[in-house]
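Below is one structure; the comments refer to it alone.
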Amino acid sequence: MSVIVPVYNELLHLEDLLRSVLDSPVKKEVIIVDDGSTDGTREKLLALPHNDDVTIVFHERNYGRAERALSSASGLRFWEKGGPHAATGTERLRRTS
């Protein structure tokens, strides 16, 4: 399973978000997409210890919600941590298909 984790200016929430995703007992590939953060999120991600199950992608500018680009994908799990840029301010894990 692949879990896409879009982040944008989530420096204050990043550790909790990643811990909750990585601590899940499900075998998974985690793809973190930093969507042009300007608050230190990028630097925090660069400082993470290496993990073979984690891929980090950096956008140079903010492109908006990653789910728009992935809305036609199937078999993905999309994880989003509630924060200042989330629609509902809650954690949710949902299947896109």
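The values are calculated or read from the model by the stated rules, or taken from the named source; none is laboratory data. What you see is a predicted model; the values in this text were computed from it and never measured. With ideal geometry, Cβ positions are generated from the backbone for all residues, glycine too; neighbour counts draw on all protein chains shown.
Hey, can you tell me all the residues within the range 1-26 that are polar (S, T, N, Q) and in a loop (DSSP other than H, G, I, E, B)?
Listed by number, the residues that qualify are 9, 24.
Filter the range 27-47 down to the residues that are in contact (Cβ under 8 Å) with a residue 24 or more places away in the chain, at negative phi and in a loop (DSSP other than H, G, I, E, B) and list them by number.
Residues satisfying the conditions are 27, 28, 37, 38, 39.
Quick one: would you say residue 14 is at pLDDT 90 or above and in contact with a helix residue (DSSP H, G or I) (Cβ under 7 Å, 6 or more places away or on another chain)?
Yes.
Hey, can you tell me all the residues within the range 15-49 that are within 25 Å of residue 1 (Cα to Cα), of a type in the set (Val, Ile, Thr) and over 13 Å from the mean Cα position of the chain (by Cα)?
Scanning the range 15-49 gives a single hit, 26.
Tell me, which residue of the range 19-43 that is surrounded by 18 or more Cβ atoms within 10 Å (Cβ to Cβ) and in contact with a helix residue (DSSP H, G or I) (Cβ under 9 Å, 6 or more places away or on another chain) is modelled with the highest pLDDT?
41
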